[in-house]
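Quick notes on the structure that follows.
Every number in this text was worked out from the coordinates using simple rules, so none of it is lab data. Keep in mind that what you see is a predicted model, and the values were worked out from it rather than measured. Neighbour counts run over all protein chains shown; Cβ positions are idealised from the backbone, glycine included.
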Amino acid sequence: MIRILMKSIREYKKASWLTPAFVTGEVLMDIVMPLLVAALIDQGVSAGDQDKIFYYGMWLTVAAITALILGVLSGRFAAIASTGFAKNLRRDMFVNIQSFSFSNIDRFSPSSLLTRLTTDVTNVQNAYQMIIRLLIRSPLMFVFSIAMAFKVNAELAGTILWVVPGLFVGLFLIIRFAHPLFDKVFKIYDQMNNVVQENLQGIRVVKSYVREDYENKKFQGVSEKIYRNFMKAEKIVALNSPLMQFSNYLSMLLVSWVGAHLIAAQTMTTGELVSMFTYVGQILMSLMMLSNVFVMVLIARTSTERIVAVLQEKSDLTNPAEPLETLANSEVEFDHVSFSYCDDVHKLALKDISFHAKSGEVIGIVGGTGSSKSTLVQLIPRLYDVTSGKLLVGGADVRKYDLSRLRDQVAMVLQNNVLFSGTIAENLRWGNPEATQAELERACQIAQAEEFIATLPEGYETMLSQGGTNLSGGQKQRLTIARALLKQPKILILDDSTSAVDTRTDRLIREGLKKAIPGMTTFIIAQRIASVQDADRTIVLENGQIHGIGTHAELMAHDQIYQEMYNTQQEGFK
Ligand SMILES: Nc1ncnc2c1ncn2[C@@H]1O[C@H](COP(=O)(O)OP(=O)(O)OP(=O)(O)O)[C@@H](O)[C@H]1O
Ligand SMILES: [Mg+2]
């Protein structure tokens, strides 16, 4: 798992190595300094030798300044390495997310992906910075300090070692109990982001239903949950500090007590006792740093798992080895197709669908809400793969095509389609980056968008806000149709794409489409029978199955659901 993460370090390897190198130098200085202090006291102060005081004082200054410089350098490189690593991680995740299919995204949920890209990466970044600075430093300092303490006075050093195992056990227990809590906290983070995302996306609905209070409560609920669990975890981690303090005082006491005896017995000098204090301090300090690293790694472990899951997720729609580039014709054939969103044959969204659309045909699709109309057409540009059966597009199995080439030739206007921030022209050119102004205008003419664009003061250069919120629903729909037309597709799918435009415009769009691209097969999903009345054939779906298929006249004669839809819609006009 770590190895997968490490791949993202890349150009920051150098900084990652320089940091511990500088840290090692810093530690060496920290070790040398107490020795110099001891010599200064014993040979200088106690002996009253001015020259010695000056000599050792100077070396002490040099060591201190060197330590300072090395400290600054290691800090600097640690920052470069960790932030760079985080940047690469985010990019790698993002690139992989772009390759995700709809079902990959269904599996993670967008809000969880967002938490993983932000909070989780920050956790790993912090942990990484600590690891390269402290994971080398603490053990090094620990080992050196112990060695030096033994060198100065073995008997005294031996007594402190009694404190260390106790400390270890304490730290181990802290980590053991805190880890599951941190795990939980991150899952709740996902929930919180979900609440926020849903709220912001639907803010208009929230306001129009005056649901603010309810939403506030929902948010408070999750943030309260985070607070409670985080607090519990932090409470355990906070025990770290009293544990350290206790060990600190205990060892100071031991050193003073044993040290006093040794000095009285004249087996140790005062200078040695002073340096002993420093070493003991360093031993404990290194253990404390190590425990901090462990806590950080603990938090980051959960985040690491979550990041690696995104990095390792393979798109379940893959290109074949020798992909076909172009559709031979505009035919679509469903051959006993069944489909399940969760790959479960007992929960089929589509059951045994078979029909054949010839090139140039206009196929209407109607059916109650939830009858799987959108599901059916989403299989054609291979947004999902069929669970069983066969789907032929342009004469070949849809899985044989290069994915992006297929989607260039099968244009789909999604039911909940979005526009992006940018000008109208920029949005339209998503369909074809090379489209000329004349082509844009022609597409807009067919989609009946020309008229309202002309009324905008800046016309095609009008800026759209994110999601196109400064346009009306019907205006947005017309732009998304124009955008799809610019692809010059062989197959065009309109999923309820004219639901927000008036019936007259709806008719004009359909008439325009017929003449727009010769030979183009068109699928029109609609709620209004009027939208599919002049289609060559219409499919009536019910519960994911074909209930009836035929022309308007045929369905009026034989299909009960179609008749009912027609009759209820006619009543509205009486
Ligand atoms: N991404 C998804 N994951 C799991 N189930 C889904 C998903 N999308 C749709 N479904 C389910 O599949 C069924 C058919 O949904 P679909 O969107 O195809 O209906 P529809 O006919 O297009 O409805 P509408 O007229 O409201 O647009 C529904 O029961 C729905 O709950
Ligand atoms: Mg739908």
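Compute the distance from the alpha-carbon center of segment 2-50 to that of segment 540-574, in whole Å.
Measuring centre to centre over Cα atoms gives 82 Å.
Can you give me the relative contact order of segment 332-571 as a percent, contacts being Cα pairs under 8 Å and 6 or more apart?
27
Which shape class applies to segment 354-423: rounded if a/c is under 1.5, otherwise prolate when a/b exceeds b/c and oblate if not, where a ≥ b ≥ c are the square roots of the Cα gyration tensor eigenvalues?
Cα axes put segment 354-423 in the oblate bin.
How big is the chain on each of its three principal axes, counting only the C-alpha atoms and giving the largest first in Å?
So the extents along the principal axes, rounded to whole Å, are 116, 50, 47.
Quick one, could you list the DSSP H helices from the chain stretching 20 Å or more along their long axis (Cα atoms) with average Kyte-Doolittle hydropathy of -0.5 or above?
Long hydrophobic helices here: 13-39, 50-98, 136-152, 163-201, 240-264, 270-312.
Taking the DSSP beta bridges in segment 332-571 as the whole, what percent of them are antiparallel, to the nearest 5?
Within segment 332-571, antiparallel bridges account for around 50 percent of the total.
When the Cα centres of segment 223-293 and segment 480-529 are compared, how far apart do they sit, in Å?
Between the Cα centre of segment 223-293 and that of segment 480-529, the gap is 75 Å.
Need one word for segment 178-272: rounded, prolate or oblate. Basis is the Cα gyration tensor (sqrt eigenvalues a ≥ b ≥ c); a/c below 1.5 gives rounded, then a/b vs b/c decides.
Note, shape of segment 178-272 comes out prolate.
So which aspartates and glutamates can LYS207 reach, going by Cα to Cα under 19 Å and dropping same-chain residues fewer than 8 places off?
Output for LYS207: GLU198, GLU215.
So how strong a dipole does the chain carry about its Cα centre when Lys and Arg Cβ are +1 and Asp and Glu Cβ are -1, to the nearest 20 debye?
Values: 55 positive and 55 negative charges, 177 e Å.
For the chain, the charge dipole is close to 840 debye.
With the dipole of the chain worked out from charges on the C-beta (+1 for Lys and Arg, -1 for Asp and Glu) around the Cα centre, which of PHE150, HIS336, THR505 lies farthest toward the positive end?
Projecting each Cα onto the dipole axis, the largest value belongs to PHE150.
Placing +1 on the Cβ of each Lys and Arg and -1 on the Cβ of each Asp and Glu in the chain, which of LEU541, VAL297, LEU555 has its Cα farthest towards the positive end of the resulting dipole?
Positive-most Cα among the choices belongs to VAL297.
Listed highest first by mean packing, meaning other Cβ atoms within 10 Å per residue, what order do 189-200, 356-367 come in?
356-367, 189-200
Specify the inter-centroid distance of segment 55-126 and segment 431-479, based on alpha-carbon positions, in whole Å.
Cα centroid of segment 55-126 versus Cα centroid of segment 431-479: 43 Å apart.
Count the net charge of all other residues whose Cβ sits under 9 Å from the Cβ of LEU419, scoring Lys and Arg as +1 and Asp and Glu as -1.
+2
For segment 332-571, count all C-alpha to C-alpha pairs, find those more than 22 Å apart, and express that count as a whole percent of the total.
On the way: 15207 of 28680 pairs.
Within segment 332-571, distances greater than 22 Å cover 53 percent of Cα pairs.
Out of the DSSP beta bridges found with both residues in segment 453-574, what percent are antiparallel (nearest 5)?
For segment 453-574, the DSSP antiparallel bridge percentage is about 50.
Please compare each pair in LYS358/LYS390; LYS13/LYS235; LYS347/LYS390; LYS87/LYS218 to a cut-off of 26 Å on the Cα-Cα distance and tell me which ones are over it.
LYS13/LYS235; LYS87/LYS218
What relative contact order, as a whole-number percentage, does segment 8-312 give when Cα pairs under 8 Å and 6 or more residues apart are counted?
Over segment 8-312, the number comes to 30 percent.
Of all the Cα-Cα pairs you can form in segment 8-312, what percent are over 37 Å apart?
35
Send over the Kirkwood Rh of segment 440-507, from the inverse of the averaged 1/r over different Cα pairs, rounded to one decimal Å.
12.4
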